[in-house]
Amino acid sequence: MRRDAGTWAYQSALERRGLGPVAGVDEAGRGACAGPLVVASCVLRPGDAGRFADLTDSKLLNPQAREEMYYKVLARAADFAIVVVPTEEVDRRGVHQANVEGMRRAVARLEHHPGYVLTDGFRVTGFGAPTMPVVKGDLAVACIAAASVLAKVTRDRIMGGLHDEWPMYGFDEHKGYITPTHRAALRAHGPSDVHRWSFVTVQSAGLAHGKRAPHRVALSVAAADVVQNGGSPQEAGQAGGARTR
């Protein structure tokens, strides 16, 4: 496949081989320490490339352009589905497994089962269809980019609503991601009901405020050290692995 064939090259090649419809899948909020994970799947109509000349990774679009593209995708997509994975499930499963399960649900909820599924960056099984990961898929593949727009706009709107409930955290600005402002708010107020207790930063802030996770949490080894031994995130480091508390 030619690298200069454009963002519709994967979809076109698969459809020519009778492997359509081709669905792209992407998420928003995987790295955030607050709020839900949102996953979307999207099937674009063959021959619609000219209508999506400005379609790209949602993170590269400014808010106005992203909103406009969101409505264009809703209007023109052959099929799409959006799944919201709540904070409690992200904590219980761990963010990676919650993301994988959200992708499976997003594909399963399409009106017509796809003939092929393209994912962003890593392989996911369990779609009931052939699948292929694409490095920087939200930049390289139009249907993945479309899914990224659906997921991000949906999640940004949710975070705006959560800001109305908990304005002290600034969710409308950082969308639940870890920033200096968000860290300061966590230190001052402790975690809210929508913070992810599976994140070391949240565990540490909760410990400082005498709070415990309100639900089961798949803790990383680092987070478990903070809870059990009163360590700091710096002391805990970035250890991997997970265990459930």
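The values are calculated or read from the model by the stated rules, or taken from the named source; none is laboratory data. Just so you know, these numbers come straight off a predicted model, no measurement behind them. Ideal geometry is used to build each Cβ from the backbone, glycine not excepted, and the neighbour counts take in all protein chains shown.
Here are the numbers:
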| read-out | value |
| --- | --- |
| Options D193, D172, D138: the member that is among the charged types (D, E, K, R) and assigned by TED's automatic domain parsing to the domain that holds P36 | D138 |
| Test: residue in the stretch 79-88 that is surrounded by fewer than 17 Cβ atoms within 10 Å (Cβ to Cβ), out of contact with any helix residue (DSSP H, G or I) (no Cβ under 8 Å at 6 or more places or on another chain) and at pLDDT below 95 | no |
| Positions within the stretch 133-186 being of a type in the set (V, I, T), surrounded by fewer than 16 Cβ atoms within 10 Å (Cβ to Cβ) and within 30 Å of P21 (Cα to Cα), in sequence order | V135 |
| For G35: the one exception among (1) of a type in the set (G, A, S); (2) in contact with a Lys or Arg (Cβ under 9 Å, 6 or more places away or on another chain); (3) farther than 30 Å from A205 by Cα | (3) |
| Selection count, the stretch 115-127, where residues are part of a strand (DSSP E or B) and under 19 Å from A78 (Cα atoms) | 4 |
| The stretch 114-131, residues that are exposed (fewer than 14 other Cβ atoms within 10 Å of the Cβ) and either within 16 Å of V85 (Cβ to Cβ) or over 18 Å from the mean Cα position of the chain (by Cα) (or both) | G126, G128, P130 |
| Those residues of the stretch 72-88 which are touching a residue at least 60 places away in the same chain (Cβ under 8 Å) and under 20 Å from E15 (Cβ atoms), in sequence order | V73, A77, F80 |
| Qualifying residues in the stretch 204-224 (those that are outside any loop (DSSP other than H, G, I, E, B) and under 21 Å from N99 (Cα atoms)) - the one modelled with the highest pLDDT | A218 |
| Long-range neighbours under 6 Å by Cβ, at least six apart or interchain, first residue over 23 Å from H195 (Cα atoms) and free of Cβ contacts under 8 Å to residues at least 60 places away in the same chain within the stretch 89-114, second surrounded by 14 or more Cβ atoms within 10 Å (Cβ to Cβ) and charged (D, E, K, R) | E111/D79 |
| Residue among A13, A32, A49, A53 that is in the same structural domain as Y70 (by TED's automatic domain parsing) and crowded, with 24+ Cβ neighbours inside 10 Å | A32 |
| Positions within the stretch 148-192 being part of a helix (DSSP H, G or I), more than 15 Å from the chain's Cα centre (by Cα) and among the hydroxyl-bearing types (S, T, Y), in sequence order | Y169, T181 |
| Number of positions in the stretch 128-147 that are β-branched (V, I, T) and in a loop (DSSP other than H, G, I, E, B) | 2 |
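Matching residues to (1) among the aliphatic types (A, V, I, L, M); (2) assigned by TED's automatic domain parsing to the domain that holds L55; (3) at pLDDT 95 or above:
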{"site": "Y116", "(1), (2), (3)": "no, yes, yes"}
{"site": "G126", "(1), (2), (3)": "no, yes, yes"}
{"site": "V134", "(1), (2), (3)": "yes, yes, yes"}
{"site": "T179", "(1), (2), (3)": "no, no, yes"}
